[in-house]
Amino acid sequence: MKSELEQPKQQAGQEERGKQRIPAETDEAFAERLIEIRRHLHRHPELSGEERETTDAIRGWLEEEGVRIADEYSLRTGLVAEIGQGDGPVVALRADIDALPIQEETKLEFASQAAGKMHACGHDAHTAILIGAARLLKQREFGLPGKVRLLFQPSEEKATGARQVIQSGALSEVRAVFGLHNKPDLQVGTVGIREGALLAAADGFVVNVEGVGTHAAVPEAGIDPIVVASHIVTALQAIVSRNVGAQESAVISVTKIHSGTAWNVIPDQAILDGTVRTFDEKVRARIRERFNQVVAGVAAAYGTRATVRWIQGPPAVVNDASLASAAEQVAGEVGLNSVRPLPSPAGEDFSFYQKEVPGLFLFLGTSGPHEWHHPAFDLDERALPLGAHLLAALAEQALQNLQVQND
Ligand SMILES: [Zn+2]
Ligand SMILES: [Zn+2]
C-alpha cells in the first residue's frame with residue numbers, strides 16, 4: 001500500500017500498456033457515452049425502491065451493448081446482467097442506482113428535473129461506470145475465463161437493496177465481488193484502496209423516555225422527561241471517550257430530540273434518535289451494551305424508565321486483503337494512482353455482500369466540490385471512463401486468478 005504522498009510507480013510502462021489497450025479515438029467516444037448516460041440519470045433521479053425508469057433505462061443500455069439480462073434473478077427494481085459463458089468462475093461487479101430526497105441546488109444544465117430528488121451521492125455516476133465496464137467486458141467476452149455478473153442494485157440509501165439482491169440468488173457461485181464509490185476529496189486519476197475496514201457499521205437508535213406530565217410550575221408532582229433526556233444525551237458522550245480504546249474508533253450522535261407541546265406544561269415523554277458508527281464488530285457490540293446500560297441507569301436515577309429501540313444497520317465494509325493488494329496492480333495498469341484512504345464513518349450496504357463472499361470496495365477520486373449528500377454535490381466526469389476501465393480490469397484479473405487456482 002502506498003501513502004497518499006508517494007508517487008505512482010512505473011508511470012511510463014502504464015502509459016504504454018494504456019495506449020495498447022485503448023486507442024485514443026475510442027476513448028473519447030467512450031467517455032462521451034458515459035457522460036451522456038450519467039447526465040440522463042442525473043436529470044431523472046428516483047428514490048430508493050422506486051427506481052423503475054432507471055431500471056428500464058439500464059436494461060435498454062445493456063441491450064444496446066448486447067449484454068444478457070439475467071432476469072432469472074428477479075428484483076422489483078434494479079437488475080442483474082451477465083457477461084461470459086462456460087462453467088468457469090463467476091465474479092460480480094456492483095453499482096447502486098438510487099437517488100436521495102434532496103432539492104438540488106446546482107446550476108448544472110443537466111440538473112434534476114424531479115422536485116425534491118437528487119443524485120447527491122453520485123450513484124448516477126456509479127451506474128454509468130458499470131454500464132461502461134459492461135461495454136468493455138462485452139468486447140473481451142470470448143477471452144473471459146468465466147462469467148462477470150453485473151449487479152445494478154436498488155435502495156442503497158435505505159440499506160435494503162443489497163439484501164434484496166442476495167435474496168434474488170444473484171450471488172450464487174460468485175467468488176469475489178467488487179464495487180466503488182466516488183470520493184469528492186480524492187483527485188480524479190486516483191483510487192483509494194484499503195484492506196480491512198473502509199466504511200463503518202451504521203446502526204440507529206430511538207430512545208423513549210417515560211415521564212409524568214404536570215404543570216410547569218409544579219415539577220415535583222411529575223417526572224420531567226426533558227431533564228432525564230438531557231442527562232442521557234450527556235452521559236452517552238462518555239461511552240466513546242471511556243469505553244472505546246485509543247486505537248479503535250466510533251461515533252455516537254444524537255440527532256433528534258422531540259418532547260413537549262407548550263411552554264407551561266411538563267410533557268410525559270421525550271424521544272431521542274441518532275446513530276452509532278463503528279468499524280469493528282467487538283466495538284459495535286460493546287457500545288450497544290453500554291448504550292443500554294447508560295440509558296436504563298440514567299432513567300432509573302431519575303425514578304423513571306426509558307426504552308431503547310436499536311436499528312441494526314449494515315455492518316462495516318471490510319475489504320479482503322488479497323483482493324486489495326491485487327487491485328493496486330490493476331489500478332496501475334489502467335493508469336490510476338493508488339492511495340491508501342482513511343476509513344470513512346459513512347455506511348454502505350455493500351458490506352452485506354462481503355458477509356457472503358470476499359469483496360473489495362474502492363474509492364474513486366472525483367475531485368468533487370462538496371461532500372456526499374450536499375445539495376450542490378457534483379463530480380468530475382473524467383472519472384467515469386477511469387472507473388469503467390478499473391472495474392472491467394478488476395473482474396478480468398479476478399477471473400484469471402481464480403482460473404489459475406482451479407487449474
Ligand atoms: Zn449516500
Ligand atoms: Zn452513496
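Among the residues of the range 45-73, count how many are small (Gly, Ala, Ser) and in contact with a Gly (Cβ under 9 Å, 6 or more places away or on another chain).
2
Just one of (1) in contact with a His (Cβ under 8 Å, 6 or more places away or on another chain); (2) in contact (Cβ under 8 Å) with a residue 12 or more places away in the chain; (3) farther than 30 Å from residue 382 by Cβ trips up residue 213, so point out which.
So the condition that residue 213 fails would be (1).
Go through (1) surrounded by 14 or more Cβ atoms within 10 Å (Cβ to Cβ); (2) at pLDDT below 95 and name the single condition residue 213 misses.
(2)
Going through the range 155-170 one residue at a time, which ones are crowded, with 20+ Cβ neighbours inside 10 Å and closer than 13 Å to residue 82 by Cβ?
170
Kindly indicate whether residue 394 is under 12 Å from residue 178 (Cα atoms) and away from ligand 1 (no atom under 14 Å from the Cβ).
yes
Being of a type outside the set (Val, Ile, Thr) and in contact with a Leu (Cβ under 9 Å, 6 or more places away or on another chain) is the requirement here; does residue 119 meet it?
yes
Checking residue 122 against (1) in contact with a strand residue (DSSP E or B) (Cβ under 6 Å, 6 or more places away or on another chain); (2) more than 15 Å from ligand 1 (Cβ to nearest atom), only one condition comes out false. Which one?
So residue 122 meets the others, but not (2).
For (1) of a type outside the set (D, E, K, R); (2) within 16 Å of ligand 2 (Cβ to nearest atom), each residue gets a yes or a no:
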{"site": "183", "(1), (2)": "no, yes"}
{"site": "198", "(1), (2)": "yes, yes"}
{"site": "205", "(1), (2)": "yes, no"}
{"site": "220", "(1), (2)": "no, no"}
{"site": "247", "(1), (2)": "yes, no"}
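Is there any pair linking a residue in the range 247-259 that is surrounded by 15 or more Cβ atoms within 10 Å (Cβ to Cβ) to one that is of a type in the set (Ser, Thr, Tyr), with Cβ under 6 Å and at least six apart or on different chains, and which?
Qualifying pairs under 6 Å: 250/278.
Restricting the first residue to the range 172-188 and requiring it to be in contact (Cβ under 8 Å) with a residue 24 or more places away in the chain, which pairs with a second residue that is away from ligand 1 (no atom under 16 Å from the Cβ) and of a type in the set (Asp, Glu) meet a Cβ separation below 6 Å and a spacing of at least six or different chains?
Note: pairs meeting the criteria are 188/380.
Which residue is nearest to residue 88 (Cα to Cα), if the candidates are limited to the range 130-169 and must be in a helix (DSSP H, G or I) and within 16 Å of ligand 1 (Cβ to nearest atom)?
By that ranking, first place goes to 162.
For the range 266-274, state whether one or more residues are touching a residue at least 12 places away in the same chain (Cβ under 8 Å), acidic (Asp, Glu) and within 24 Å of residue 342 (Cβ to Cβ).
No, because not a single residue in the range 266-274 is touching a residue at least 12 places away in the same chain (Cβ under 8 Å), acidic (Asp, Glu) and within 24 Å of residue 342 (Cβ to Cβ).
Contact list please: Cβ distance under 9 Å, first residue in the range 367-389 and basic (Lys, Arg), second residue away from ligand 1 (no atom under 16 Å from the Cβ) and at pLDDT 95 or above, pairs at least six apart or on different chains.
So the pair list comes out as 382/31; 382/188; 382/189; 382/367.
Across the range 127-147, what is the number of residues that are touching a residue at least 60 places away in the same chain (Cβ under 8 Å) and within 23 Å of residue 36 (Cβ to Cβ)?
Total meeting the criteria: 13.
Considering only the range 263-284, state which residues are assigned to a loop (DSSP other than H, G, I, E, B) and hydrophobic (A, V, I, L, M, F, W, C).
263, 279
Restricting attention to the range 313-355, report how many residues are within 16 Å of ligand 1 (Cβ to nearest atom) and either of a type in the set (Phe, Trp, Tyr) or part of a helix (DSSP H, G or I) (or both).
Total satisfying the criteria: 3.
The values are calculated or read from the model by the stated rules, or taken from the named source; none is laboratory data. Quick caveat, the model's predicted, so the values are computed rather than measured. As a convention, Cβ positions derive from the backbone with ideal geometry for all residues, glycine included, and neighbour counts pool all protein chains shown.
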